[in-house]
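To keep things clear, I will list the structure first and then write my remarks on it.
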C-alpha cells in the first residue's frame, strides 16, 4: 500500500510546488513505488521557431515531480525530501500531443530513493524522454 494517497499528494504540491498550475501538471495516480502524471499540450508550453515542441524545462519539471510522487509513495508526506541528482534524456518531441510520465522505483533505501521516469506522447505512446533521479530522505527526528 502506498504511504501517501492521491489527495494527500495534491495537498502537498498545492502548498509547495507553485509551478504545477502554471504548467498544468495533473497527477493521475500514485501507488506503492509508482506514479503517473500528465501535462496537456498547450500553446504557451511550446517553443522553437514553429512552436512545435514542448519546452524541455517543462518536461524536466514533469519528470522531477513524478520522481517526487514515487518517493513519497514510499516514505509518506515527509518534509524536505529533495532531489540530489537527476538526468533527463530527451529523445523526441511530442509534437501536438499531451505527455504522460510513468515513474517507478529502481531502489529504495533508508536515506536515498532512486527512481526512473519514462515520458511518452499520450496520443501514440512514443517515447519522449527518459529520466533517472535520486532523492534524499531526511533522517527521522526523535
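Using Cβ contacts closer than 10 Å as the measure, can you line up 134, 83 from fewest to most? Mind showing how you got there, number by number?
Values: 134 18, 83 13.
Lowest to highest Cβ neighbour count: 83, 134.
Distance between the C-alpha centers of region 27-65 and region 1-15? Whole Å please.
Result: 19 Å between the Cα centres.
Using just the helices of the chain, give the 222 nm mean residue ellipticity in deg cm²/dmol: DSSP H runs with n ≥ 4 each add -39,500 (n - 2.57), and the total is spread over all residues, rounded to 500. Let's see the in-between values first.
Numbers: 3 runs with 36 residues, N = 142.
Calculated from helices alone, the mean residue ellipticity at 222 nm is -8000 deg cm²/dmol.
If I build a Gaussian network model for the chain, linking alpha-carbon pairs within less than 10 angstrom, which residue out of 84, 66, 132 has the largest mean-square fluctuation?
Looking only at 84, 66, 132, the biggest GNM fluctuation is shown by 84.
Just one of (i) 15.1; (ii) 15.7; (iii) 17.1 is Kirkwood radius over Cα pairs in Å as worked out from the coordinates here. Which one is it?
Read-out from the structure maps to (i).
For the chain, what's the relative contact order in percent, using C-alpha pairs closer than 8 Å and at least 6 residues apart? Intermediate values should be presented prior to the final figure.
On the way: 301 pairs, mean separation 34.4, N = 142.
Over the chain, the number comes to 24 percent.
So how much slack lies between residue 56 and residue 17, counting 0.36 nm per residue of separation and subtracting their Cα-Cα distance, in nm? Can you show the working numbers first?
Working: separation 39, 0.36 × 39 = 14.04 nm, distance 1.81 nm.
Length gained, residue 56 through residue 17: 12.2 nm.
Every number in this text was worked out from the coordinates using simple rules, so none of it is lab data. Note that the coordinates shown come from a computational prediction; the quantities given were computed from them, not determined experimentally. So basically every Cβ, Gly included, is an ideal-geometry build from the backbone, and we count neighbours across all protein chains shown.
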